[in-house]
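None of the figures in this text is laboratory data; all of them are computed from the coordinates on show. Note that the coordinates shown come from a computational prediction; the quantities given were computed from them, not determined experimentally. With ideal geometry, Cβ positions are generated from the backbone for all residues, glycine too; neighbour counts draw on all protein chains shown.
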Amino acid sequence: MVLFGHVLTHMLVSASLVILILDRNSNTSTIRRRLFFIISGSIAGVLPDILGPGTVYTWSHSIFLSPILVIPLVLVSRIVYKDKSLIRVWLSFTTALIIGHLLVDYLGHEVALFFPLSKMEISASILLLGDPWIWLPLAVGVLIVFISPKRLLVLYTVLIIVFVYTGLRVCSKVNTEALIKSLHPDQSSTQYVVIPRTSNLIEELNPLDWLSWSFEVIGEYRVITGSVPLFGGSANTNFNVIFPHVGIITNVNNIVYRKGSSNTEQYFSVNYETYYNQQHYILANDSTHELVFALLDDKWIEVNGQLKETLITYMSMKLIDKR
Ligand SMILES: [Zn+2]
């Protein structure tokens, strides 16, 4: 379902743009003509993925190659409908491919947009591609193109809806990052990751699941994960632990994780986190003992002795108050 929605998003954005640019005139527009532009626009929208798997992926998703990729489509369109200038048809398919495929991919996942000038894969991580809040309005808009005399108005409206929704997601992501940093202040090296709630492609997401972020806080000593609703609401933490030994924060293909000393590395659940005499402390436990950690010189160090007892009492009381 997610993959279906992903492909559909590329097709619908590109098809809408081709209709808006090439088929504006309602005097010449027939159902057959609209169908042709929707199909050819949809093909432009998926071309990089058709040509792209494996080693040419980087080439097919390069913004510099887009004007060349669309040439066969431009030529076919010109044979079918001769009333448009070649340059206009070419520009419209190139625009459809760049916005409908490359920009959409960039909003969702890593893509080497400027290959071969830069091999760096970049992503805004704003959308999980396949989001029904994007493709459903577009699908309705493209269907209406066949029946409504106000088809251009309808297409503009759905594109504006999609644009506003994407803009709201950008604002929400910035807010969520600030929220997570304030909820979980940590070491200076700690990484804060906010990405669209992901699906494992087997389990279906219900429409409201798409309106939330997944967050990860990855520190040398800590891992915290959870979710935050897109539009208001508080953070739900589902995993929050501290490791007694330092790990290495690693980034592989833009996925950040903490590499510990071994796979069986021990960790403790964080129960409470607070400041006491301007010092940052954590109360943690495993099934048998309670531990206290302090953030000293940008490192989490275990606290023992009398101070530990005092802090356990202090934080346990706070914890009871909270409940
Ligand atoms: Zn792609």
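If you fit an axis through the alpha-carbon atoms of helix 71-80 and take the longest principal axis of the Cα set of the chain, what angle between them do you get, 0 to 90°, nearest 10?
40 degrees
List the lysines whose alpha-carbon lies under 30 Å from that of Lys181, not counting same-chain residues fewer than 8 positions away?
Lys173, Lys259, Lys299, Lys308, Lys318, Lys322
Sort His10, His280 so that the residue with the fewest other Cβ atoms within 10 Å of its own Cβ comes first and the one with the most comes last.
Placing the least packed residue first, the sequence is His280, His10.
What is the Cα convex hull volume of the stretch 1-158 when expressed per residue in Å³?
On the way: hull volume 16.3 nm³, N = 158.
Per-residue hull volume (Cα only) is 103 Å³.
Please identify, among Ile312, Ile218, Ile38, the residue showing maximal mean-square fluctuation in a Gaussian network model of the chain using a 10 angstrom Cα cutoff.
It is Ile312.
To the nearest 20 Debye, how big is the dipole of the stretch 2-170 about its Cα centre, given +1 on the beta carbon of each Lys and Arg and -1 on that of each Asp and Glu? Walk me through the numbers before you get to the answer.
Values: 12 positive and 7 negative charges, 157 e Å.
Computed charge dipole of the stretch 2-170: roughly 760 debye.
Under 19 Å Cα-Cα from Lys84, which aspartates and glutamates qualify once same-chain neighbours fewer than 8 residues away are excluded?
Within reach: Asp23.
Once both labels are modelled 7 Å past Cα along the beta-carbon direction, what's the Ile68-Val80 spacing in nm?
2.5 nm
PRE reach from Leu143 (point 7 Å along Cα→Cβ): which of the stretch 1-43 fall under 19 Å by backbone N?
Residues 1-2, 4-17, 31-32, 34-36, 38-39, 42 qualify, since their backbone N sits under 19 Å from the label point.
With axes computed from alpha carbons, what is the tilt in degrees of helix 2-22 against the longest principal axis of the chain, rounded to the nearest 10 within 0 to 90?
For helix 2-22, the angle is close to 40 degrees.
Does anyone have the angle between helix 31-51 and the longest principal axis of the chain? Alpha-carbon axes, 0 to 90°, nearest 10?
It is inclined by approximately 50 degrees.
What order do you get for Asp298, Asp131 when you list them from fewest to most C-beta neighbours inside 10 Å? Present the calculation step by step, with values, prior to reporting the outcome.
Details: Asp298 11, Asp131 25.
In increasing order of surrounding Cβ atoms, one gets Asp298, Asp131.
If we count other beta carbons within 10 Å of each Cβ, what is the order of Thr288, Thr274, Thr166, Thr198, fewest first? Please list the in-between numbers first.
Numbers: Thr288 5, Thr274 14, Thr166 18, Thr198 11.
So the ranking, lowest neighbour count to highest, is Thr288, Thr198, Thr274, Thr166.
Where does the chain land at 222 nm, in deg cm²/dmol rounded to the nearest 500, when only DSSP H runs of n ≥ 4 count, each adding -39500 (n - 2.57), divided by all residues? Numbers along the way, then the final one.
On the way: 10 runs with 144 residues, N = 323.
The helix-only estimate for the chain comes to -14500 deg cm²/dmol at 222 nm.
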